[in-house]
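For reference, the structure discussed in these notes is given below.
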Amino acid sequence: MRANTPENMTPEDQRDQHEQPNQPDQQIGEQKLINDRLAKTAQLRSRGIDPYPPRFDRTHTTAEAVKLFEDLEGASSARDEGEQLRTATIRVAGRIMARRGQGKASFIDLKDGHGPVQVFARQNTMGDDAYAIIDLLDIGDIIGVEGPVIRTRRGEISVEATEITVLTKSMRPLPDKWGGLQDQEVRFRQRYLDLITNERAMKNALLRSNVVRVMRDFMHGRGFIEVETPILVPVAAGAQATPFKTHHNQLDRDLYLRIATELYLKKLIVGGIERVFEIGRLFRNEGLDHDHNPEFTTIESYQAYADYNDVMEMVENMVAHIARETTGSMVLPEVEGVRPEIDLTPPWPRLDLRTEIKERTGIDFVETPDVESLSQAMRERGIHVEEGSVWGRLLDKVISSEIEPNLIQPHFLVDYPVEMSPLAKRKPGTDGIVERFEAFVVGSELATHSPSSTTRSTSVNASNNRSGCETSLVTLRPTGWTRIFWWRSNTECHRRAGWDSASTA
RNA sequence: GGCGGGCUAGCUCAAUUGGCAGAGCAAGUGACUCUUAAUCACUAGGUUCGGGGUUCGAGUCCCCGGCCCGUCACCA
């Protein structure tokens, strides 16, 4: 819009015009918005107001303020009709999310960590001088509000301001109050903006904290003790993944960031602890996408004298318990267009791997015992065959592309061929089958009890350095093990719908 | 790494066949003492991701580069 600009002016001419003395305040773009706020900050200071005071004595959260009024309303019932109810004076604090001027009155939507509350500010309530501060407020500022809680004529429970205190003057505009912040990169790199703007981001952060707390309680309730084991390790053992490498200067020695917690937990079992778990970060130097972050959190547990049936029982009960404790139900509601309702109620079906593959694809891995026959069967069904893959790797591809995406409701796949997990416990009475399971929910892997070193064979262990050679010195008891992946992405991960969308419940 | 989609005002998004770069929110000024996506009037705000090319004329077409998203592959 250049209504005042002659059509034949170049952009340079216009810029020159902007810099002329009669338009000294002309600013462009975002800088103008910031300068407006700097000017308001200066005005606050000139009135003797500190725009960044050191503390504020809050008496109520927004949620408590609303409840305070509701309790008063409930107690006074209908007999005080006609008289406006008014609580005692309280003080709330939060960020200005929106404001609506109405002549010599204003409404401010205030949000703190517990939710929103409306502030109702009137000039004849606050007085002319105190009300004047309204003009110096912007969306994004943090303010403290003192006054009683009332219900406005239109029914909104509001703090009726007698005094407003600027706690933090904000310099940059917030994202659109209605459209919010959409750019995923900005959301992840400026997480604070996402938390301010998108209610779901805040809910997810709180949900995650609850998930961890409940998970921890669950494990303690089952007699597991929690430990922390080394993250900087001389040998990155316990999984097949590329580790991050680092160096300790004083020792002049290369170290690795752990790729699993497995080895040290196993040592604790050897040492006599019977049930142990660790929640912590693992680091894997590999590609990243929405399902894979180089650093991610797992819980890993070991339970002496247990087998994979015991561990499956634990996993399904843990997950269902967490869902119930954090969302109120073991059934996660449908997310439109993303996934159907998910029922986590145990027990989850145990699917025999061989049977499942046969039913889904027609491939019987017992009848395709070598790379050639399995590759042939895969090609016939249009499954990508990566040249040079070993047999176990090929079968893993069949599972991940044909079985896993279909396991929307929670399931366990059990009893894997030994070629896929050469170090796992053999299943008694079978030929070439190991006691391995993987749990799947919403088409992706949730937990595993698998490949390495639940065996107690020293010879096998000694042959595989990365799977825990040190434990081969002392024999491991029969032990059940699991590793549960969750929130592999540090950032919000919409494809992990099982956890993520629980927050929308 | 392959293929596909995208990058325009602080934010969310338009722009027909290549023909004057727009709107809503946010911001500024004014009106309004019960609004809640407040309303009304006016104002300002642009290196259309970067570079090169074709053209009378490029947000639009071509080439090079960057970044984001999706997908397949890799990886687990």
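The values are calculated or read from the model by the stated rules, or taken from the named source; none is laboratory data. Predicted model, so just to flag it, every value in this text is computed and none were measured. Here Cβ is always computed from backbone atoms with ideal geometry, including for glycine, and neighbour counts include all displayed protein chains. Keep in mind that these areas ignore ligands, DNA and RNA; they rest on the heavy atoms of the full protein, side chains included. Shrake-Rupley method; radii C 1.70, N 1.55, O 1.52, S 1.80 Å.
General remarks:
- With a cut-off of 12 Å between beta carbons, the residues surrounding A:A320 carry a summed charge of -3, where Lys and Arg count +1 and Asp and Glu -1.
- Net charge contributed by nearby residues that have their C-beta within less than 10 Å of A:I157 (K/R +1, D/E -1): -1
- Distances between every pair of Cα atoms in segment A:62-168, grouped in 10 Å steps from 0 to the bin holding the largest one, split as 15, 51, 27, 6, 0 percent.
- Across segment A:287-420, Cα-Cα distances exceeding 17 Å account for 69% of all pairs.
- Probe 1.4 Å, accessible area per residue of segment A:197-310, Å²: 49
- Accessible-area order (highest first, 1.4 angstrom probe) of the listed residues A:R153, A:R45: A:R153, A:R45
- Proximity of backbone amide H atoms, modeled 1.01 Å from N, is registered between A:Q409 and A:V442 at under 5 Å, excluding neighbours fewer than 5 places apart on the same chain.
- Accessible surface of segment A:62-168, 1.4 Å probe, proportion on carbon and sulfur as whole %: 46
- Computed label-point distance, nm, for sites A:Q43 and A:V186 using a 7 Å Cα→Cβ extension: 2.6
- For A:I399, net neighbour charge (Lys/Arg +1, Asp/Glu -1) across residues whose Cβ lies under 9 Å away: -4
- Distant-in-sequence amide contacts of A:T162, defined by a placed amide H-H separation under 5 Å and a gap of 5 or more residues or a different chain, comprise A:E146, A:G147.
- Shape call, segment A:120-185: gyration tensor on alpha carbons, a/c limit 1.5: oblate
- Distance between segment A:98-177 and segment A:365-379 - C-alpha centres, whole angstrom: 70
- Sequence-separation-based contact order of segment A:62-168, relative, with Cα cut under 8 Å and 6+ spacing, percent: 30
- Cα-based shape type of segment A:170-259, given that a ≥ b ≥ c are square roots of the gyration tensor eigenvalues and the cut on a/c is 1.5: oblate
- Counting only protein heavy atoms and a 1.4 Å probe, segment A:62-168 has 50 square angstrom of accessible area per residue.
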